[in-house]
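Reading through the structure tokens given below for one structure.
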Amino acid sequence: MDSRPVNTVTASGPVVSSAEGVDHVELALVNGGPRLAAITAAVALRRAEALDVSASMLVAHGELPEEASELERELFDVVRQTSATSARDAVVQSAGSATARRLIARLTDAGMLRDEDAARRLRSMVWALVFCWLVALALLALILAGDALALASLSAGVFSAAAAAWWLHARGGRTTGAGRRLIKRTRAERCDELRGAPPSNLALAVALFGGVTLWAADPLFALALGVPHDETLAVGGHVDAFLAGYDAACGGCGCGGCG
């Protein structure tokens, strides 16, 4: 399990090099939230042969690796102490644990995540502005009824409002601009670990690109963990965005390298 330092973000904003760094589980937390972080932890532990899956149940093997992250330790303890817990439930329990909340608080202080209340207020403000814009367009449509050119312009306005709402809502979650920059930078800088089928560092690939990576590499494990197969669980990403991002992250040559 690779937890080597990556570029991180201070509370003041700029990207810096940090000895503490951000490990793959914390990257997943920034990119997709506590559920993706717990899934990443499970992938890392399985790759380290500390966990395995049997009939949709996670099974602990031997000792926890010394370099395991905090959330990996939490997940391992959940599995070892509650042998009757399914893989999916173990992920849910770890994602909602005090350990996950502590990591969220740490990343919030570092400027990579927004406070939940601040994120909620931002989302409410975005939808209020969009609603007011649509009401104004509706009133204008009533006034200009019968004018084909005006109605066509109003239709374009409605489309623009919908596009703006999607863009603003995507940025109204808990991940900050600094957090998104960290994810993009790490994708580019550690592309060598994302090459291969499966990627050489599958836990990092899941953290950076979401659950679709696990479905491609280990579908039975993804199914056991309850990973949605139709989206990445990551910020700004469905499958098409995943494929585009995966290619762009490796300098346009794809993670298989240039021919």
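Side notes on the structure shown:
- Test result for Ala197, in the same structural domain as Ala48 (by TED's automatic domain parsing) and either within 25 Å of Val79 (Cβ to Cβ) or at pLDDT 85 or above (or both): no
- Number of residues in region 21-45 that are surrounded by fewer than 20 Cβ atoms within 10 Å (Cβ to Cβ) and either out of contact with any strand residue (DSSP E or B) (no Cβ under 7 Å at 6 or more places or on another chain) or modelled with pLDDT of 90 or more (or both) equals 0.
- Residue within region 228-243 that is outside any helix (DSSP H, G or I), modelled with pLDDT of 90 or more and not aliphatic (A, V, I, L, M) present: no
- Among (1) surrounded by fewer than 22 Cβ atoms within 10 Å (Cβ to Cβ); (2) of a type in the set (Gly, Ala, Ser); (3) at pLDDT below 90 - the single one Gly211 does not satisfy: (1)
- Residue in region 153-172 that is at pLDDT 85 or above and not small (Gly, Ala, Ser) present: no
- The residues in region 197-217 that are assigned to a loop (DSSP other than H, G, I, E, B) and free of Cβ contacts under 8 Å to residues at least 60 places away in the same chain can be counted, and the count is 4.
- Cross-chain or 6+ apart pairs with Cβ under 7 Å, region 39-50 first and assigned by TED's automatic domain parsing to the domain that holds Arg88 and closer than 12 Å to Leu214 by Cβ, then among the β-branched types (Val, Ile, Thr) and surrounded by 24 or more Cβ atoms within 10 Å (Cβ to Cβ): Ile39/Val91; Ile39/Val206; Ile39/Val227; Thr40/Val25; Thr40/Val206; Ala42/Val91; Val43/Val206
The values are calculated or read from the model by the stated rules, or taken from the named source; none is laboratory data. Because the structure is a prediction, the values reported are computed rather than measured. Reconstructed Cβ throughout: ideal geometry from the backbone, glycine too, with neighbour counts over all protein chains shown.
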